[in-house]
1. Here's a check for you: in segment 767-783, which residue that is of a type in the set (A, V, I, L, M, F, W, C) and over 30 Å from the mean Cα position of the chain (by Cα) is surrounded by the fewest Cβ atoms within 10 Å (Cβ to Cβ)?
2. Can you name the number of the only condition in (1) at pLDDT 95 or above; (2) under 20 Å from residue 589 (Cβ atoms); (3) part of a loop (DSSP other than H, G, I, E, B) that residue 329 fails?
3. Among the residues in segment 495-503, are any in contact (Cβ under 8 Å) with a residue 60 or more places away in the chain, in contact with a Phe, Trp or Tyr (Cβ under 9 Å, 6 or more places away or on another chain) and not in a helix (DSSP H, G or I)?
4. Which number in (1) assigned by TED's automatic domain parsing to the domain that holds residue 588; (2) within 23 Å of residue 394 (Cα to Cα) marks the one condition that residue 560 misses?
5. Take the conditions over 23 Å from residue 399 (Cα atoms) and either hydrophobic (A, V, I, L, M, F, W, C) or surrounded by fewer than 19 Cβ atoms within 10 Å (Cβ to Cβ) (or both) and apply them to residue 168. Does it pass?
6. Is segment 470-491 home to any residue that is more than 26 Å from residue 396 (Cα to Cα) and among the basic types (Lys, Arg)?
7. Out of the residues in segment 118-165 meeting the condition of being touching a residue at least 40 places away in the same chain (Cβ under 8 Å) and at positive phi, tell me which one is nearest to the chain's Cα centre (by Cα).
8. Please determine whether any residue of segment 412-422 is in a loop (DSSP other than H, G, I, E, B), farther than 16 Å from residue 524 by Cβ, in contact (Cβ under 8 Å) with a residue 24 or more places away in the chain and polar (S, T, N, Q).
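The values are calculated or read from the model by the stated rules, or taken from the named source; none is laboratory data. Predicted model only: the values in this text are computed from it and were never measured. Note: ideal-geometry Cβ built from the backbone for every residue, glycine included; neighbour counts use all protein chains shown.
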Amino acid sequence: MRVLVGDTPVEVGEGATVLDAARAAGRYLPTLCQDDRLSPRGSCRVCLVRAADRVVAACTTPATEDMAIQMDDPRAREAARGALELIVSELPSRALEIPAERSELVRVCTHFGVTDTRFHGATHRRGVDHSHPYVKLDRDLCIACGRCVAMCAEVQGTFALELAGRGFDTVVSAGTGGPWVDSPCVACGGCVDTCPTGALSEPGLLDPAPIATTTTTTCGYCGIGCTLDVHVRDGQVAAITPVHGAPVNRGHACVKGRFAHAFAGSRERLTAPLIRRGDALEEASWDEALGLVAARLTAIRDRHGGQAVAMISSARATNEENYLAQKFLRTVVGSNSIDNCSRLCHAPSAAGLTASFGLAGGTNPLDDLDHADCILLAGANPTEAHPVVGARITQRVLAGARLVVVDPRRTTLAALADVHLRGRPGSNVAVFHGLARLLLDGGYTDEEFLTRRATGLAELTELLRDYPPERVAELAAVPASDLATAARLYGQAEHPAIVYGLGITEHAHGTDGVRTLANLAILRGAVGTPGCCGVLTLRGQNNVQGASDMGALPDLLPGYQPLADPAARQRVARVWGQPVPERPGLRIPQMFDAAIAGRLRALYVIGEDIAQTDPDSGHVRAALDACEFVVCHDLFLSQTAAHADVVLPAVSFLEKDGTFVNFDRRFQRVRPALAPPGQATSDFDILRRLAHAMGADLGCPTPAAAMAECAAVAPLFAGISHDRLDREGPLHWPCRGPRDTGQAVLYLDRFATADGRAALAARPYLPPGEQPDTAFPYVLVTGRRLEHYNSGSMTRRTPNTTLLAEETLDLSAADAAALGIDDGTPVAVTSRRATVTLPARITDELAPGEVFTAFHFPDPATNSLTSAHTDTATGCPEYKVTAVALRPT
């Protein structure tokens, strides 16, 4: 559509506003109530222009063909200026003293030349609310524009804010009007980000001192991969803000990514190497520490062989660091016993997705959720564990998409769902078989797709004879009518999407769970087809996808090339200039067993607190104590470091250079915003220096060089480089060459399996590895809380502890009444391995007989309760089903 802005003709799309047209012409038009992420309001009136011979609000007026827009119309400008002066007249003088870069109001006043107002009367004297550690409210600066309310509702989906009062007294309020810290606010920071006046702000931006540097990087918390700007003042993080227009988070963030950065300046950071002397860890020089590690690893390797040394790499480390770690172990030590924490969370995803479709990653980008009309959310609580995705799902549901949730807990999204399939823990395979049977029986399958592009239908159909809705209802404790409704919603959708998480994978039959969930997408033809939304797997840590992509696995080389494939070993060996060991290495659970058995003599741990986060943690600690030599890299003195012989001070994502791969397979840049504290250095630098101390040269002098070498050995990543990411932005893998733009949507031509077809899986339902009984009658499920992350080593060193100071045991009101437990009552939780004590939290989120807790705090030692049962295919632990007994203390 052609529009004339002044004397400038511009083309705008259908649905464009006058404001859009002005911007297309390169003209600045001030606004105060408008944010591109929100529906327009048209309330502030400072964007008035003349269009089609009328004075109109540009943000709400549609552009029309051949419309003439006069930006400098005197009448419109005077009316806009008058509206602005009325707004200013109610505010205290300090409103115009805020630096312009932090106040849209000040910038708009500058545009109109407003330094005072013709209107005089009462000004606000409503005071402040600084109860929240991150969101600070100055009520006197609130102009009731409503942007914060809309942000909370339309983008975050929390509905925590409202405009309270009337007329002159209208002001933003959180919850019921009490202190902000006690409100339902989830501290995503969206309200702060959109506030035009500074009424809502954050501590780091209240300081009038200027920001020295701003660095764009990728968040180091969960696996969503939000793009963030890190603002630094006096060598410390002053604030972190989400980047508007970023491909994943679109200017949104969560309480961790946006606000939980104080850990970087914690006095508890490790700043020098530590060596164990007797019972104590004492500071040492880098030369002494690396010399000791080199000598001990060399001696153990030479005496017992490379298989006596194992390494656990890190899902927090960059791709380049994980690449160097596996290269170090394979070439310098001569062992394939390298693994990473995907073993404990998403190894079943890699195995299951590879078996079903051919590649070890989700099939579609997050953006495809924008056109999903039905979302099947299984075993995930993204509003707490992946809040940006949780908000995106909420947005789709509010826009009319149907939602089916498969989860034993009544999560926030389960409460919003059309159907909540609240199966008992460990029943996923039965539930998915029940849905698959109903898809077949209801005629909801894509017959052409199944004929041309899938295999295994006959075998699956035969198996599903044993899973009618009535039997599934018995196995999973899910009403047959709910199964039928869920199957109908997913089956009738034009663009169904599947999103799943650790509630599917962390089971004794987690790989079967992934494969039978994938069956649903295959039956519907909802994967590998134009317009499909596919299967998205929510990764837990920031680089859990990338750690595996880089080959930090005992049986796979970079790019998921099988170690057993001679051609793959030769390809890697040509680039490395050294042979690759042929014998597969140990998985993480096998490492601990081998240490206790005396076969594993040295364990090298990078950035994981295995003594706190791994299952059956008593067994893990025994394995650490059984090793002759233990080395770890970390930011803080962790539970694992307490068992180590050498502790090396590493740096956080805020201090390192490289890349992460997020949950939808995007390579994204990580850039250092801070200088490392003390003598701390990157895992990359540590590994290079250690190799040198052992008489080896790993090459790869820089992270960019390591990524280039990885691209040379792994065809999946052949088109990835730092230079290209810096120029073009994130790239999805597969990206097989410098002119390949990457594949955001997989399998549009063929699946990556041997025969090019998706493989349906006829896997029978098998019960969990651990079952409740009369001695241990309750089932414990573990997971995450919004306020904290993984072991809590970072978030517990931030004001997030104000928001959640301790862990609780969540249980139903019925169980609490039967046990005589009130909120806050200490409860002894006993499994077949250990006992911990937690305060009770009574909630409707749990069904009777089921309890929930997380593992973000070292005390209680939650994972001392969990069992040694693992997924039969991958060794992933069964975190989601632990039989326990409860006793009030």
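1. Initially, segment 767-783 is screened for residues of a type in the set (A, V, I, L, M, F, W, C), giving 775-776, 779-781.
Within this subset, residues satisfying the condition of being over 30 Å from the mean Cα position of the chain (by Cα) are 775-776.
Values: 775: 10, 776: 18.
Filtering first and then ranking leaves 775.
2. (3)
3. Yes, some residue in segment 495-503 is in contact (Cβ under 8 Å) with a residue 60 or more places away in the chain, in contact with a Phe, Trp or Tyr (Cβ under 9 Å, 6 or more places away or on another chain) and not in a helix (DSSP H, G or I).
4. Evaluating residue 560 over (1) assigned by TED's automatic domain parsing to the domain that holds residue 588; (2) within 23 Å of residue 394 (Cα to Cα) leaves (2) as the failure.
5. Numbers: over 23 Å from residue 399 (Cα atoms): yes; either hydrophobic (A, V, I, L, M, F, W, C) or surrounded by fewer than 19 Cβ atoms within 10 Å (Cβ to Cβ) (or both): yes.
In short, yes.
6. Yes, segment 470-491 contains at least one residue that is more than 26 Å from residue 396 (Cα to Cα) and among the basic types (Lys, Arg).
7. Once the filter is applied, the top-ranked residue is 157.
8. Step one: list which residues in segment 412-422 are in a loop (DSSP other than H, G, I, E, B), which gives 417-418, 422.
This time we only want the ones that are farther than 16 Å from residue 524 by Cβ, so: 417-418, 422.
Filter once more, keeping what is in contact (Cβ under 8 Å) with a residue 24 or more places away in the chain: 417-418, 422.
Remaining after also requiring polar (S, T, N, Q): none.
No: segment 412-422 contains no residue that is in a loop (DSSP other than H, G, I, E, B), farther than 16 Å from residue 524 by Cβ, in contact (Cβ under 8 Å) with a residue 24 or more places away in the chain and polar (S, T, N, Q).
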